[in-house]
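Report on the following structure.
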Amino acid sequence: YSFFFFFLSRQAEVLKADMTDSKLGPAEVWTSRQALQDLYQKMLVTDLEYALDKKVEQDLWNHAFKNQITTLQGQAKNRANPNRSEVQANLSLFLEAASGFYTQLLQELCTVFNVDLPCRVKSSQLGIISNKQTHTSAIVKPQSSSCSYICQHCLVHLGDIVPYNSPLLVGRLQVTSIVHSGSW
């Protein structure tokens, strides 16, 4: 079992290296970023305790999202950049994708680990996916404190994303009030 996570960790290192390889084009980097997100999501859902011990949630945020947001922000703020409006549009699209990823991850974690957040609408009520899990045998049951931590982590990063993308300000206020009130 630990070999499985060792293999996934090695795969993650290769993907992170690909994302910083200047020889790769934007499409290849995007593909590597998506694969890294999927890999880390699988690790978090399969064995949350192990994933948290290895700080997978921090690696996910830093390598799949934060570094790219920082890079795009720098390019978008550069008034001498002739492609500034294109970069701003790319930043907006990237932020929407990041928000979608963390929203979906939060939904999956709540469903898999049976976490009831007062702010969350169950996926089945939205017609997205069933709340029943089919492959729970491969999932290691985590401690409830770990479930709370990872849900808070998702909510915090949803809140982190919002200031960069002002139309989502209302959502930021809702997420911030939930996280700070501790009512989840």
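The values are calculated or read from the model by the stated rules, or taken from the named source; none is laboratory data. Everything quoted here is computed from the prediction, not taken from an experiment. Please note: Cβ atoms are built from the backbone with ideal geometry, for glycine as well, and neighbour counts cover all protein chains shown. SASA here: full protein model, heavy atoms, side chains in, ligands and nucleic acids out. Shrake-Rupley method; radii C 1.70, N 1.55, O 1.52, S 1.80 Å.
Assorted remarks:
- Complete set of residues in the range 20-33 that are under 18 Å from ASP59 (Cβ atoms) and open to solvent by less than 30 Å² (accessible area, probe 1.4 Å): VAL29, SER32, ARG33
- The single residue among ALA138, ALA97 that is of a type in the set (A, V, I, L, M, F, W, C) and at pLDDT below 90 turns out to be ALA138.
- Residue check for ALA35: under 17 Å from GLN152 (Cα atoms) and either part of a helix (DSSP H, G or I) or touching a residue at least 12 places away in the same chain (Cβ under 8 Å) (or both): no
- Reported count of residues in the range 78-102, each being of a type in the set (S, T, N, Q) and surrounded by 14 or more Cβ atoms within 10 Å (Cβ to Cβ), is 5.
- All positions within the range 25-51 that are out of contact with any helix residue (DSSP H, G or I) (no Cβ under 6 Å at 6 or more places or on another chain) and of a type in the set (A, V, I, L, M, F, W, C): ALA27, TRP30
- Residue within the range 164-183 that is in contact with a Gly (Cβ under 6 Å, 6 or more places away or on another chain), within 24 Å of LYS55 (Cα to Cα) and either open to solvent by 80 Å² or more (accessible area, probe 1.4 Å) or at pLDDT below 55 (or both) present: yes
- Scoring LYS55 on the criteria (1) of a type outside the set (A, V, I, L, M); (2) free of Cβ contacts under 8 Å to residues at least 24 places away in the same chain; (3) at negative phi leaves a single failure, condition (3).
- Number of the condition not met by LYS42 [criteria: (1) open to solvent by less than 70 Å² (accessible area, probe 1.4 Å); (2) in contact (Cβ under 8 Å) with a residue 24 or more places away in the chain]: (1)
- Residue list for the range 45-68, filter: outside any helix (DSSP H, G or I) and either surrounded by 20 or more Cβ atoms within 10 Å (Cβ to Cβ) or out of contact with any Phe, Trp or Tyr (no Cβ under 8 Å at 6 or more places or on another chain) (or both): ASP47, LYS55
- Sub-6 Å Cβ pairs linking a first residue in the range 80-107 that is under 14 Å from VAL156 (Cα atoms) to a second residue that is modelled with pLDDT under 90, at least 6 apart or interchain, are ALA98/ILE161; SER99/ILE161, ordered by first then second residue.
- Of all residues in the range 141-163, none satisfies being open to solvent by less than 70 Å² (accessible area, probe 1.4 Å), under 19 Å from the mean Cα position of the chain (by Cα) and modelled with pLDDT under 65.
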